[in-house]
Amino acid sequence: MTILGQLALWLALLLSAWATIVGFVGGAGQRPELIRSAQRATYALAGVLVVASLALVVALVKHDFNVAYVASYTSRNLPLIYTLSAFYGGQAGSLLFWAVVLSVFGALAQWLTGRRYERLMPYAGAVTASVVFFFVVVTLFAANPFERLPFTPADGNGLNPQLQNPGMVIHPPLLYLGYISITIPFAFAMAALFSKRLDTGWLHAIRKWTIISWLFLSIGITLGMWWAYVELGWGGYWAWDPVENASFLPWLTMTAFLHSVMIQEKRGMLKKWNMVLIALSFLLSIFGTFITRSGIISSVHSFSQSPIGIYFGFYLIFIIVATAAVIWSRLPMLEAESHLESMVSREATFLFNNLLLVGIAFSVLWGTMFPMISELIRGTQVTVGPPFFNQVNIPIGLALLALTGIGPLIAWRRASPGHLKRQFAAPVTAGVIVAVLLLALGMRNLYPIMALALATFVVGTIAQEFVRGVGARHRLHGESHALAFARLVGRNRRRYGGYVVHLGIVLYFVAFTGQAFKTDVEASLKPGQKAELRSPWGHTYTFTHLGVSQYEELNRFTTAASVEVARDGERVGVMKSEKRQHVNSLGQPTFEPSTEAGIRSDLREDIYIVYAGSVAGTEEAVYRFTLNPLVWWLWFGGVVLVAGGVVTLWPGTSTSADRRRAMAGYAATLEGSTSGAK
C-alpha cells in the first residue's frame with residue numbers, strides 16, 4: 001500500500017502542476033478546452049490524494065512498523081481511535097491531510113459554484129491547485145509519510161499521551177479545516193483580480209465558504225482551549241502560546257472580513273480593505289503552519305524542528321510578494337463607489353470594529369514574533385508572556401464588545417439623535433444597572449465590571465432586535481409569536497444568525513471575566529488531612545485526601561489520587577486526579593508521565609484538582625486545588641456560536657416573491673428603527 005501511496009503522491013504532483021498552469025493559461029486566453037482540462041485535473045487530483053491518504057490509513061491500522069511514520073506515532077496497544085488520529089498527529093501525516101482536504105475543497109468549489117461565476121473558476125482552480133502543489137512538494141521531498149525504515153521494529157513509539165484525548169481526535173482536523181478552507185475565498189479573490197471582475201460577484205461566490213472557514217476556526221480554537229484545560233493540568237485554557245496565537249490571527253482577520261464585506265455589498269465601500277483582509281487571512285494561515293513546523297518557536301502544540309520550515313519560509317515570502325503585486329496592479333479598479341457620510345453610522349461602526357480587530361491581530365503578531373526578532377537582532381531571546389497580551393488586548397476587546405452591541409442598532413449612512421435615543425435607551429439602561437449592582441456588591445475590579453455591564457448591554461440589543469422583529473410580524477401577519485420567530489429567523493438567516501453568533505461571543509467574554517476571580521491553593525496531604533479554599537461566591541470548599549491507588553489500563557500504568565470534596569460542609573463527591581505512564585505492547589515506557597486533572601463543573605465554577613505526585617514511599621500526595629469561575633459558559637458559548645453559524649448557513653426555503661412581500665409588509669416597522677434621519 002505504501003508503494004501505491006508514493007505513486008499517488010507523484011501523480012498528485014503532476015496533476016496539481018498541470019491544473020495550475022492550464023488553469024491560468026485557459027483563463028487568460030478564454031480557451032474552453034484548457035479550462036475543461038484544468039477542471040478534470042482538479043477532480044483527478046482530489047482522487048489520487050484520497051488514494052494516498054487511504055494508503056497511509058491502511059499502514060497505520062495494520063501496524064506496518066517498517067514505515068517510519070507508523071513506527072513513530074503508533075503502537076500495537078494504541079486504541080484504534082488514536083491510531084486513526086495519528087494520521088494527522090505527526091508532521092508528515094498532517095501535511096498529507098492538508099493536501100487531500102484542500103484538493104477535495106477545490107473539487108467541490110469547481111462542482112458547486114454556479115455558472116454565473118464561470119469567468120472566475122479557471123483562476124480560482126489554478127490558485128487552489130498551486131497551493132496543493134506546494135504541499136505535495138513538501139510532503140514528497142521533506143516529510144514523506146511513506147518513507148521506510150531499514151528494519152522493522154517489534155513495536156512503535158505510540159502517540160504522545162497529550163494527544164490521547166477525545167479533544168485531540170477532533171480539535172486538530174477541525175482547526176486544519178478552518179486553515180485549509182481559507183484558501184478557497186483567497187483563490188476567488190485572486191480570480192477576481194486576475195479576471196478584472198471586481199464587482200460583488202466574487203463575494204457572493206465565497207459567502208458560504210467564508211462562513212464555513214470562520215466556523216471551523218472558531219470550533220477548532222474552542223476545542224483547543226478545552227483540550228488545554230482538561231489535559232495540560234495548569235488550570236487555564238488560554239496562555240497566549242505562539243501556536244494558540246497563530247490560530248487566533250486568521251480568525252481575527254476573517255471576523256473583520258465578514259463584517260466589512262457587508263459594507264461593500266451594501267454601499268460599495270472598503271473594496272481594497274476587503275481584498276487585503278482575505279489575502280491577509282490566507283497568509284496568516286500559512287504563517288501559522290510555518291511557525292508550528294519550523295521549530296523556530298517553543299510550544300507544547302508545535303512539531304519538532306525539521307527542514308520543512310525552510311520550504312514554508314520561502315513560500316510565505318513568495319506568496320506575500322505575488323499577492324501584493326497583483327493587488328497593487330488592480331488598485332485603480334478597487335475604488336469605492338461611495339464614501340463615509342457620518343461618523344455616527346453603521347458603516348463607521350463596522351470600520352471601527354475592523355480597526356480594533358486588526359489592532360488585536362497586530363499586537364498578537366508582534367508579541368508572538370518579538371522573541372524571534374530580538375534573538376535575530378540582539379542575540380538573546382526576550383520572552384513576551386501573558387501580561388503583555390492581556391494589558392494590550394483587554395481594553396481593545398472591551399471596545400469590541402461595545403461595538404458588538406452598537407453596530408446592529410445604528411443606522412446606515414447617518415443616524416439622528418432621536419433614532420439613537422430610541423435604539424439605545426433600554427440596552428444602555430440595563431448595562432448601567434448591572435454596573436451599579438456589581439459596585440454595590442463590593443466588586444472594585446474595573447475590567448470585570450465593564451465586561452459584565454457591556455455583556456448585558458449587548459444581550460439587551462440582541463433581545464431588542466428579536467422582540468421588535470417578532471412583534472412586527474405578529475402585528476402585520478397575525479402570526480403566533482412562535483411562528484413569527486421561526487419565519488423571522490428563517491427569512492433573515494444571515495442577520496439573525498449573526499445575532500446568535502454575537503450572543504455566543506458575549507458568553508465567551510462572560511467566561512473570560514471569571515478568570516479575574518480564579519483562586520487556588522497548593523497542599524501536601526496525608527490520608528485524612530484537609531485543605532480549604534474559598535470561592536468568589538462566598539462558598540468554602542474542603543478537600544480531604546483519601547489515598548493513592550495504582551492500576552493498569554489500556555496502554556498505560558495509572559497512579560490515581562482520590563479526594564473527597566465538600567462545599568460549606570455538604571458533601572459534593574469524590575474526585576480523582578491521575579499520573580499516567582504510557583507504555584507500548586512490550587511494556588516499555590514511551591513518553592514522560594502525563595497528568596490528568598480532576599474536574600467538576602457547574603454554572604458557577606469548576607473545581608479543578610491536579611495531583612502533582614507523592615512523597616516517596618508514602619501515600620502523602622501533593623495537590624493543587626483551583627476554583628475557576630464561569631468556565632462552563634465558555635463551552636456553552638461555543639455551542640451557541642456554532643448554532644448561530646449553522647443558522648446563517650442553513651439553506652433558505654422562501655422564494656424571491658416571498659421575500660419581496662415580506663419586505664414590503666414589515667420592513668418599515670422592523671428596519672424603521674434603524675433607518676435614522678437621512
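Read-outs throughout are calculated quantities, based only on the coordinates presented, and are distinct from any laboratory measurement. Remember, it's a predicted structure, so these values are computed and weren't measured experimentally. Reconstructed Cβ throughout: ideal geometry from the backbone, glycine too, with neighbour counts over all protein chains shown.
For this structure, a couple of remarks:
- Multiplying each eigenvalue of the alpha-carbon gyration tensor of the stretch 169-284 by 5 and taking the square root yields semi-axes of 31, 13, 11 Å, largest first, rounded to whole angstroms.
- As a proxy for reagent exposure, ranking I449, I410, I396 by other Cβ atoms within 10 Å from fewest up yields I396, I449, I410.
- Likely footprinting exposure, I170, I360, fewest C-beta neighbours within 10 Å first: I170, I360
- Euclidean distance between Cα centres, the stretch 315-391 to the stretch 6-35, Å: 33 Å
- Close amide H pairs (under 5 Å, H built 1.01 Å from N) link N584 with T590, residues at least 5 positions away or on another chain.
- Candidate lysines for bridging to K526, where Cα separation is under 18 Å - those fewer than 8 sequence places away on the same chain excluded: K576, K579
- Mean projected area of the convex hull spanned by the Cα atoms of the stretch 1-159, taken over all viewing directions: 9.1 nm².
- Cα coordinate range in the chain, projected on the principal axes (Å, largest first): 80, 70, 57
- Sorting the segments 314-324, 54-64 by their mean number of nearby beta carbons within 10 angstrom, highest to lowest, gives 54-64, 314-324.
- Listed peptides 269-277, 195-203, 562-570 appear in the order 269-277, 195-203, 562-570 once ranked by packing, highest mean of other Cβ atoms within 10 Å at the front.
- Segment V25-S614, extension gain: residue separation times 0.36 nm, minus the distance between their alpha carbons: 205.2 nm
- Database remark: amide H of L159 closer than 5 angstrom to the amide H of S75 (H placed geometrically; neighbours at sequence offset of 5 or more, or on other chains; Pro and chain starts carry no H).
- Distance histogram for the stretch 393-501 (every C-alpha pair counted, 5 angstrom bins, percent rounded to whole numbers): 2, 12, 17, 18, 18, 15, 9, 5, 3, 0
- Between R422 and V382, the distance separating the two model label sites (each 7 Å from Cα on the Cα→Cβ line) works out to 5.4 nm.
- Other residues within the sphere of radius under 11 Å centred on the Cβ of E564, judged by their own Cβ, net out at +3 (K and R +1, D and E -1).
- Applying the Kirkwood pairwise sum to the alpha-carbon positions of the stretch 524-632 produces a hydrodynamic radius of 14.8 angstrom.
- Mean separation of Cα contacts under 8 Å, 6 or more apart, over the residue count of the stretch 1-159: relative contact order %: 37 percent
- More than 14 Å apart - percent of Cα-Cα pairs taken over the stretch 4-73: 63 percent
- The stretch 308-432: Cα Rg divided by the 2.2 N^0.38 Å rule of thumb: 1.51
- Mean Cβ neighbour count within 10 Å, used as a protection proxy, ranking 122-135, 521-534 highest first: 122-135, 521-534
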